[in-house]
Amino acid sequence: MGKGMKAGKKPKQPKMGNAQQMAQMQAMQRKMEEVQAQIDEMEASATSGGGAVSVTVSGKKEIVDIRIQPEVVDPDDVEMLQDLILTAANEALRQMEEISQSEMGKFTAGLGIPGF
C-alpha cells in the first residue's frame, strides 16, 4: 500500500453541491439556447450612400434583403455600386454580431470563461 493509504478506506463521494451546480448549468444552457433562438429571429439593417443601398441580415448572419435605389445604378460605375453593397452588408453583419454578443454576454459575463 502507498504512503498515507489505509486499508478499507472508501473513495470520496461527490458532494451534493456538484449536482446543484450541474442543474444550474443545464438551466443556464437552456436559457442561452432560448436567447440564441430569439437572436436568430432578429434582423439588422444598414445603409450606405446616404440610403442608396440598404442591406438587411438575420440573426443567423445571412443576408435576407438588399434594396438599391434606381438612381445609384450607373452602368459606367459598377464599382461604386459594389462598394456601396459591401459597405452596407458589412455594417449590417457587424451590427448583428454586436447584438448577438451583447445578448449572450449577459450569461457569460460572470463565468470567467475565456473567449466569451
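Quick look at the numbers
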| read-out | value |
| --- | --- |
| Filtered residue count, region 41-53, keeping only those that are open to solvent by 30 Å² or more (accessible area, probe 1.4 Å), within 15 Å of residue 94 (Cβ to Cβ) and among the small types (Gly, Ala, Ser) | 1 |
| Residues (in contact with a helix residue (DSSP H, G or I) (Cβ under 9 Å, 6 or more places away or on another chain) and open to solvent by 30 Å² or more (accessible area, probe 1.4 Å)) located in region 68-80 | 68, 73, 74, 80 |
| Per-region count, region 30-63, residues assigned to a strand (DSSP E or B) and of a type outside the set (Ser, Thr, Tyr) | 7 |
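The values are calculated or read from the model by the stated rules, or taken from the named source; none is laboratory data. All values reported here derive from a predicted model rather than from experimental measurement. No Cβ is skipped: glycine too gets one built from the backbone with ideal geometry, and neighbour counts run over all protein chains shown. Ligands, DNA and RNA are stripped out before the accessible areas are found, and what is left, the full protein with its side chains, is counted by its heavy atoms. Shrake-Rupley method; radii C 1.70, N 1.55, O 1.52, S 1.80 Å.
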